[in-house]
1. Which residue, of L153, L165, is touching a strand residue (DSSP E or B) at 6+ places or on another chain (Cβ under 6 Å) and farther than 16 Å from D361 by Cβ?
2. Pairs please, first residue from the range 216-231 and more than 17 Å from V188 (Cβ to Cβ) and without any contact (Cβ under 8 Å) to a residue 40 or more places away in the chain, second anywhere and in a loop (DSSP other than H, G, I, E, B) and not aliphatic (A, V, I, L, M), Cβ atoms under 9 Å, 6+ apart in sequence or on different chains.
3. Regarding A119, is this residue buried (at least 23 other Cβ atoms within 10 Å of the Cβ) and under 20 Å from W351 (Cα atoms)?
4. Being crowded, with 16+ Cβ neighbours inside 10 Å and not polar (S, T, N, Q) is the filter here; which residues of the range 289-304 pass it?
5. Just to verify a result, which residue in the range 115-149, among those that are under 16 Å from the mean Cα position of the chain (by Cα) and among the β-branched types (V, I, T), is farthest from L91 (Cα to Cα)?
6. Of all residues in the range 193-205, which are under 22 Å from G312 (Cβ atoms) and surrounded by fewer than 24 Cβ atoms within 10 Å (Cβ to Cβ)?
7. Limited to the range 150-165, what total is found for residues that are assigned to a strand (DSSP E or B) and either under 18 Å from the mean Cα position of the chain (by Cα) or more than 21 Å from D106 (Cβ to Cβ) (or both)?
8. Quick one: in the range 319-356, which of the residues that are polar (S, T, N, Q) and at pLDDT below 95 is farthest from F187 (Cα to Cα)?
Amino acid sequence: MSQEERHQISRRAFLQAVGLAGGAAALAACTPSAAPSASSGSATTPVASSGEQVVNFLWTDSQNTHQPLIKDFETATGIKVNQTQVSYNDLLNKITTSVEGGADVDVVEMDTIWTAQFASAGWVEDISDKITDAIKSDVPESALSAVTYNGKLYGMPWFNSAKHLFYNEKLLKDAGFDAPPATLDEFVEQAKATTKEGQWGSTWCWKQAEGMICDWVAIMFTNKDAQILDANGQAVFNEMGGTDALQWMVDILYTHKAADPASLENTETEVLRALETGTYALTYNWEGTLPEANDPAKSQAAPNVKIGLLPGSKDVKSASVNGSEGWAILANAQRKDNAWKLLEYMVSPAWQKKAALTIGDYPVLSSLYSDPELEKNIADFALYGEQFNYLAVRPQVPGYAQKSDIIQR
C-alpha cells in the first residue's frame, strides 16, 4: 500500500474513531489562532519575496491534510515553506530530475526504501551531528532506521508505520482460541483450525509487489539471527532467515492449506476487503485497517476484528517491517539552516501530536504513546505504539526497487 493510500485510510479511520464532530473539535483545539489559512491546494506555492526567510520543499501532500501543520511551522518560525507537491508515484522521478538538474529544492520527502540510494549518491545531507539529545531519547532506533544508512542519519522520520496483526475474534473463539497467535507456530495452528468450507484461516498480500516483501521481512525477523545484508553490504538472507521465511510462506499455502490461494494475487487493499467479508481469521496489514473492517455499514466482520502484535518466536516477541518515510535535506540545499528547522519542528511534540489527532499519522515519539488525549481518541493507540518497537527495515541498498523486483520473482 502506498503512503498516499495509508494516509487516506488513516484519515478515514481517525474520523470514524472519534466521530466527525470530535475530529473537527480536535483539529480546532490543536490549531493556533494566529495560524494563516491552509493552502488552496495548488501543486506549487509561490516563491517568497526577496529578503523573506523561506525553505523549498518537495513532497506528496496531495490531499492537503498537512497544510495546517505547515502553517503552524511558518507562524512559529517566520519561515515560509514553498511547496512543490507531486503524487507519490511521481516523487522519485521528480527528486531525481531536481537533483540532477540543480533545481532549487532544500527538503524532500524520502521513502525508507530510497535512503540508501540517496545517501550513497551524495544527494542528501548527513545530519547525524544535528540530532539533539532530546530527539535521541524519544525517537527509537526502530523509527530512525528508516532514514539511516551505514550508521549515519540522513533524515528525520515523519511518521511511524508498520504491518500489524488483525484477527477475527469470533472466528478464533469459535475454534477454541481465547487469544491471537503469539508465535508463527501458533499462527499456523490457529489458521489451520479456522480453515473450513467457506472460510480461510488467513489471507495475505503476496501478489508480486512490495507488499509481499514486507510480509517476508516480518516473517524472517522472527528468527533472532535474521540478517539481510552483512557489514559489507552483501546479501546473506539466504543463510540468515530468508529461506526459512519463504518456506514458511510456501508451507502455509500448500502444506497446511491454511491460506487463501488468492493471496498470490492480493494487494493490501484486497486483503482488507477479504477481511471485511467475515470469513477470514488472520492477516497482516497496515494502520487504518481496524476501523474500516469494523464499520458495520460495509463490513460483515464488524465488530469482531481486533488488532494484536505480529507473531514472533520463542526467542523474539514480535517482528514487523518499517513502512515509514522521512524528510531529508538535499546536499546542495541553499538554505540548510531553515531546512533543519523544518525537520526539527516536524519531529516536535507539537507537530507529532496534532498530526496524530487530526490526520491519523502515528507519532515517531515514544513519549506520545502514553499521552492521555491520544489514548482517548485513537483506539488501541498504545498497542500500535508497542508494535513500532519491533521493526525490521527492508534492505538499505542503492537500487532497492530493482533488487526488490528480483526477490519478488
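The values are calculated or read from the model by the stated rules, or taken from the named source; none is laboratory data. Note that this is a predicted model, so its numbers are computed, not measured. Neighbour counts are summed over all protein chains in view; Cβ atoms, including those assigned to glycine, are modelled from backbone coordinates with ideal geometry.
1. On the way: L153 fails: touching a strand residue (DSSP E or B) at 6+ places or on another chain (Cβ under 6 Å).
The conditions single out L165.
2. Qualifying pairs under 9 Å: D225/G241; D225/D315; Q227/F237; Q227/E239; Q227/G241.
3. Values: buried (at least 23 other Cβ atoms within 10 Å of the Cβ): yes; under 20 Å from W351 (Cα atoms): no.
Criteria not met by A119.
4. Filtering the range 289-304 down to residues crowded, with 16+ Cβ neighbours inside 10 Å leaves 289-295, 299, 301-302, 304.
Hits for the range 289-304 are L290, P291, E292, A293, D295, A301, A302.
5. V139
6. Going residue by residue through the range 193-205, those that are under 22 Å from G312 (Cβ atoms) are 193-194, 201-205.
A193 - this is the single residue of the range 193-205 that is under 22 Å from G312 (Cβ atoms) and surrounded by fewer than 24 Cβ atoms within 10 Å (Cβ to Cβ).
7. Counting residues in the range 150-165 that are assigned to a strand (DSSP E or B) and either under 18 Å from the mean Cα position of the chain (by Cα) or more than 21 Å from D106 (Cβ to Cβ) (or both) gives 6.
8. First, pick out the residues of the range 319-356 that are polar (S, T, N, Q): 320, 322, 324, 332, 334, 338, 348, 352.
Subsequent filtering for residues that are at pLDDT below 95 retains 322, 324.
Numbers: N322: 21, S324: 26 Å.
Filtering first and then ranking leaves S324.
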